[in-house]
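Colleague: Starting off with a structure, shown below.
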Amino acid sequence: MKKNMLKVAFMALGIMVCSHANAQLSDVLKNVAGAAASKATGNSTAGNVVSDLVGNLLGTTTVSDKSLVGTWSYSQPCVAFESENVLASLGSSVVSSKVETTMKNGLTKIGFTSGKVVMILKEDKTGTISFNGKGIDVNWAVEGTDLKLTFPMIKKGVTMNAKLSGGELQVAMKTDKLMTLLNAITQKAGSVNSSLGALNSLTKNVKGMYLGLKFSKK
């Protein structure tokens, strides 16, 4: 009888512990991922990588046409995730830090840096994207959480997730779409492919991770 009572007590204790553990699992994974990413990148602050990524989830709120009208200046690259569960993955966090570094270095090589790219979206759904002072015409449309940019000159379009936060616009897409977008804007396909080609191998096995660009409203 005593043995049965002890067994029941231990089972109850185990359920309580598991319940508490599940509630803390996400935070634990993020902390571990932050430490691992820090070690992998040489970052002195263990939580920096993950804390920087927490806000980079895909947008889930419908974006209005009116909110996108205006002038947007490119600020920085980022990595975006489908959900916090994906973000909390140790593997995804470590890979994302490498992806961000590769993106930043590659974009810098082709001259795609802060302030050098300006996107103007007009009310009539036309616009221009200027790169190093040279503009290219663009048409745009919004559907739900997606922004579609179409380049009439090259007859290509790119659909991306759009997320607005105050005066910041984050657009996120898969690697092949990013390459298409950069080729269209810079008109330097060879340079883009050689500088950012490594992104394909870095991201192909990571589900739920997207490459993003951030713009600030002027």
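Colleague: Output the residues belonging to region 101-147 that are at positive phi and in contact with a helix residue (DSSP H, G or I) (Cβ under 9 Å, 6 or more places away or on another chain).
Modeller: Correct list: GLY111, LYS125, ASN132.
Colleague: For region 167-217, how many residues are on the phi > 0 side of the Ramachandran plot and among the charged types (D, E, K, R)? Let's see the steps before the verdict.
Modeller: The first filter runs over region 167-217 and keeps only residues on the phi > 0 side of the Ramachandran plot, leaving 187, 208.
In the following step, the residues that additionally are among the charged types (D, E, K, R) were identified as none.
Final tally of qualifying residues: 0.
Colleague: While we're looking at this one, here's another question. Hey, does region 154-164 have a residue that's at pLDDT 95 or above, farther than 17 Å from SER73 by Cβ, out of contact with any strand residue (DSSP E or B) (no Cβ under 8 Å at 6 or more places or on another chain) and surrounded by fewer than 17 Cβ atoms within 10 Å (Cβ to Cβ)?
Modeller: no
Colleague: I would also like to ask the following. Does PHE131 count as under 21 Å from the mean Cα position of the chain (by Cα) and either at pLDDT 95 or above or not β-branched (Val, Ile, Thr) (or both)?
Modeller: In short, no.
Colleague: In region 174-200, which residue that is closer than 16 Å to VAL117 by Cβ and small (Gly, Ala, Ser) is surrounded by the fewest Cβ atoms within 10 Å (Cβ to Cβ)? Spell out how you get there, then give the answer.
Modeller: Here is the first cut: in region 174-200, the ones closer than 16 Å to VAL117 by Cβ are 178-188, 191-192, 195-196.
With small (Gly, Ala, Ser) added as a condition, the list becomes 184, 191, 195.
Values: ALA184: 22, SER191: 17, SER195: 20.
Applying the filter and picking the extreme gives SER191.
Colleague: If you don't mind, there's one more thing I want to ask. Test GLY208 against the criterion of being at pLDDT below 95, touching a strand residue (DSSP E or B) at 6+ places or on another chain (Cβ under 8 Å) and in the same structural domain as VAL94 (by TED's automatic domain parsing), and give yes or no. Please lay out each step first, then the result.
Modeller: Details: at pLDDT below 95: yes; touching a strand residue (DSSP E or B) at 6+ places or on another chain (Cβ under 8 Å): yes; in the same structural domain as VAL94 (by TED's automatic domain parsing): yes.
In short, yes.
Colleague: For region 148-170, give me each residue that is of a type outside the set (S, T, N, Q) and part of a strand (DSSP E or B). First the steps, then the outcome.
Modeller: Going through region 148-170, the residues of a type outside the set (S, T, N, Q) turn out to be 148-149, 151-158, 160, 162-164, 166-169.
Residues satisfying the conditions are LYS148, LEU149, PHE151, LYS156, GLY157, VAL158, MET160, ALA162, LYS163, LEU164, GLU168, LEU169.
Colleague: Let me ask another. Please note which helices (runs of 4 or more DSSP H) are completely contained in region 171-218 and include at least 2 residues that are under 16 Å from the mean Cα position of the chain (by Cα) and farther than 25 Å from TRP140 by Cβ.
Modeller: Numbers: elements: 175-186, 189-196, 198-203.
Hits in region 171-218: 198-203.
The values are calculated or read from the model by the stated rules, or taken from the named source; none is laboratory data. Just so it is clear, the model here is predicted, and its values are computed rather than measured. Glycine gets a Cβ as well: all are built from the backbone with ideal geometry, and neighbour counts include every protein chain shown.
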